[in-house]
Amino acid sequence: MKPRPADRPGAAAAGFGPRERFFTLSLDMLCIAGFDGYFKQLNPAWERTLGFTIMELTAKPFIEFVHPEDRGSTIREAQRLMAGAETVSFENRYLTKDGSYRWISWTTAVSVEDQLYFAVARDITEHRRAEGALRDSEERVRLIIDGAYEAFVGMDGGGVITAWNAQAETTFGWTKEEAVGRPVADTIIPPQYRDAHRRGLAHFLETGAGPVLNTRIEITALHRDGHEFPVELTITPIRLGSRHMFSAFVHDISRRTEAREAVRQAKDEADRANQAKSEFLSRMSHELRTPLNAILGFAQLLEMDSLSPEQRESVEHILKGGRHLLDLINEVLDIARIEEGRLAISVEPVSITEVVRESLDLVAPLAAAEDVRLTGGAAGLPTRFVMGDRQRLKQVLLNLLSNAVKYNRKGGLVNLSVEETAEGRVRINVHDTGPGIAPEKLKLVFTPFERLGIEQTGIEGTGLGLALSKRLSEAMGGTLGVESAVGRGSTFWVELSQTDSPVDRIARTGAPLPDKVDLDASKKAQIILYIEDNLSNLKLIQRLLAHRPEVRLVPAMQGRLGLDLAREHRPALILLDLHLPDIPGDEVLQRLQADPETRQIPVVVISADATPGQVDRLLAAGARAYLTKPLDVKTLLAVLERGGLPRKPVAPDR
């Protein structure tokens, strides 16, 4: 179809009236086209939108500017108008000058008499792109929700289900077609909770608040077949204009709940087993110790008699076997107490020098008997303190040293050394020149009752010492390890956290010591009895009380000695540590309270155990005060001034 000259640009010249100005200034694309397929008149918006000039647009049939995929639908819409339709709205894509296409929305009317189309067009490209992006986003969300591991349930403000993914079908037994449109309460909520659900929904719609919204909760849900099961639920409210919507993710936790219940039952069973084991060990200890007392007692009496060499050897075997069994009982009980968390551990600054020296002195006779030389120690090294339990640390070192001696060779060597690690800890090494341990057996070293075949050599042992030492080291916050090479010997080491001495700790905190008080020299000094086995702690109290000449400190490093000194000196005050080498501190307190000569002496407990139950128990047992380590100087002095230290010694009851 060729354009007629009269239809070309300029044929319908624009005037200057309001209609012409509207046509020219409109931001919409206005046009008049003929039934012959050519544009007759176009406003400037066409040039701005498509980039072609008016002349280029009117020079050829408008259908040539339409995207090839949209030409068929465009022709059909044109034919509808030619057939008498009053107005047609449709969309198609138009070519631009740069070769791209833009979406155009048309509203078109026709004058059959004039054989002309009158159209208003608008560029909707960005709108179509936004719609496409929204559709893509909605599709992605749909795919994510449908593929989610958790069930997804959508609900409107009336409590009706609006969304239901594939996992919801699996979880609740309803298909999407069946669930959508049903009330949530009647579908997945057990009958006993439905009224609460309806009240909660009404409360939210009225106030905008709800206790179960935007949080993860565990509730009971209902399956289509009628059985109830536990779920984890998260509900999020959504507001769309004036409408309220709710999205919920639901996860079936039946297996988790069953596993949790199984763990609880297993724990209860383990607790009962531990309790039964503790009771058994306690009874076993009592039942074994009673006959052992008779065996060892009478064997020692026999040892004092005039015996033949053979008889004396037999008695020595009895004593040796009895003491071995007693050691075994004690070690088994210690391991059991550690496992149950009942072993008394008092972790405080401990001087390595003191513990090492005492341990070497105790092992020296055994080493001499076995022809093994002891070397090393902490002599010549700077005084170091570690966080540990003095008695238990000595117990560990004695075990390592005695093993190093027993499993050594004749004329062998045991060397004890102390070093600092890069992590600020202190390691105590015990090296021997024994046969060493094969690599495949190293992992068994700390296994209870495992002696690695040594039991066939006749060397005494229970197989529990290293297992107990490892647990004791860990209970003190430390570690116990071993390095060994066959034919070259073994090195066992215990590593603990380094710390300041009690005196240095007080000095570092800057706590002021009390000023020296000038008193009448004729006034008799008051006595404070300090029952404590840790020399470092003893030195700290001595340092503090050095500024108090009216006070004399009497130390006792064992509980029984402390009881004797209390009766002998009748001190004005007793400072009592709970962790003593012979008897527990709480037993010392009990005996002091039971004795008429000492029950009125105020007792201040000083311990590293700060558990509330322990504090309350000892205060109820008669302690005047309970101070925790590390000591606070001001608190200690306040206790002394507040009444812990009377002006005169307390007279015993008569």
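The values are calculated or read from the model by the stated rules, or taken from the named source; none is laboratory data. Owing to the predicted nature of the structure, the values given are computational and were not obtained by experimental measurement. Note that we place each Cβ from the backbone using ideal geometry, even for glycine, and neighbour counts take in every protein chain shown. Just so you know, the surface numbers come from the protein's heavy atoms only, side chains and all, with ligands and any DNA or RNA stripped out. Shrake-Rupley method; radii C 1.70, N 1.55, O 1.52, S 1.80 Å.
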Q: Please work out how much length the chain gains when fully extended from E420 to R560, using 0.36 nm per residue of separation minus the C-alpha to C-alpha distance, in nm with one decimal.
A: 46.7 nm
Q: Extending each Cα 7 Å along its Cβ direction at M55 and Q600, get the distance between those two points in nm, one decimal.
A: 12.9
Q) Between R182 and T215, how many nm apart are label points set 7 Å from Cα along the C-beta direction? A) 2.9
**Q.** S314 accessible area, assembled protein chains, probe 1.4 Å, Å²
**A.** 60
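May I ask you to derive the FRET efficiency for N274 and E587 from their Cβ-Cβ distance with R0 = 22 Å, giving the value to the nearest 0.05?
Taking R0 as 22 Å, the efficiency between N274 and E587 is 0.30.
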Q) Per-residue accessible area for D305 at 1.4 Å probe radius, Å² rounded to 10? A) 80
Q: Kindly list the residues of segment 122-136 that lie in the label zone of T96, defined by a backbone N under 11 Å from the point 7 Å along the Cα-to-C-beta vector.
A: 124-126
(Q) Show me, for segment 132-145, the HN-Hα J-couplings you get by feeding each phi into the Karplus relation (A = 6.51, B = -1.76, C = 1.60, θ = phi - 60°), rounded to Hz, glycine and proline as x. (A) x, 5, 5, 4, 4, 5, 4, 5, 4, 4, 4, 5, 4, 5
Q) When all protein chains stay in place, what accessible area (Å², nearest 10, 1.4 Å probe) is found for I345? A) 50
Q. Within segment 51-77, what residues put their amide N at less than 17 Å from the label point 7 Å along the Cα-to-Cβ vector of T24?
A. 54-55
Q | Gyration tensor verdict on segment 384-427 (Cα atoms; rounded if a/c is under 1.5, prolate if a/b is larger than b/c, oblate otherwise) | A | oblate
(Q) If each residue of separation counts as 0.36 nm, what is the full-extension length gain between F229 and R71 once their alpha-carbon separation is subtracted? (A) 51.0 nm
Q: Could you compute the FRET efficiency for S497 and H569, with r as their C-beta to C-beta distance and R0 at 41 Å, rounded to 0.05?
A: 0.65
Q: Starting from the residue with the highest accessible area, list W174, W103, W164 in decreasing order, probe 1.4 Å.
A: W103, W174, W164
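For the pairs K410/K443; K320/K443; K443/K470; K60/K97, flag any whose C-alpha to C-alpha distance is greater than 20 Å. Can you show the working numbers first?
On the way: K410/K443 27 Å; K320/K443 30 Å; K443/K470 13 Å; K60/K97 14 Å.
In this structure, K410/K443; K320/K443 lie more than 20 Å apart at Cα.
Rounded if a/c is under 1.5, else prolate if a/b is larger than b/c, else oblate: which is segment 538-617, with a ≥ b ≥ c the root eigenvalues of its Cα gyration tensor?
It comes out oblate by the Cα gyration axes.
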Q | Accessible surface, 1.4 Å probe, highest first, among residues E139, E358 | A | E139, E358
Q.
List the residues, sorted by chain then number, that are 5 or more residues from H244 or on another chain and whose placed amide H is less than 5 Å from its amide H.
A. G157
Q. For segment 314-323, in order, what is each residue's ³J(HN,Hα) by Karplus, 6.51 cos²θ - 1.76 cosθ + 1.60 with θ = phi - 60°, in whole Hz (x at glycine and Pro)?
A. 5, 4, 4, 5, 4, 5, 4, x, x, 5
(Q) Given a Förster distance of 56 Å, report the FRET efficiency between K320 and R243 from their Cβ-Cβ distance, rounded to the nearest 0.05. (A) 0.05
Q: Starting from the residue with the highest accessible area, list M557, M387, M155 in decreasing order, probe 1.4 Å.
A: M557, M387, M155
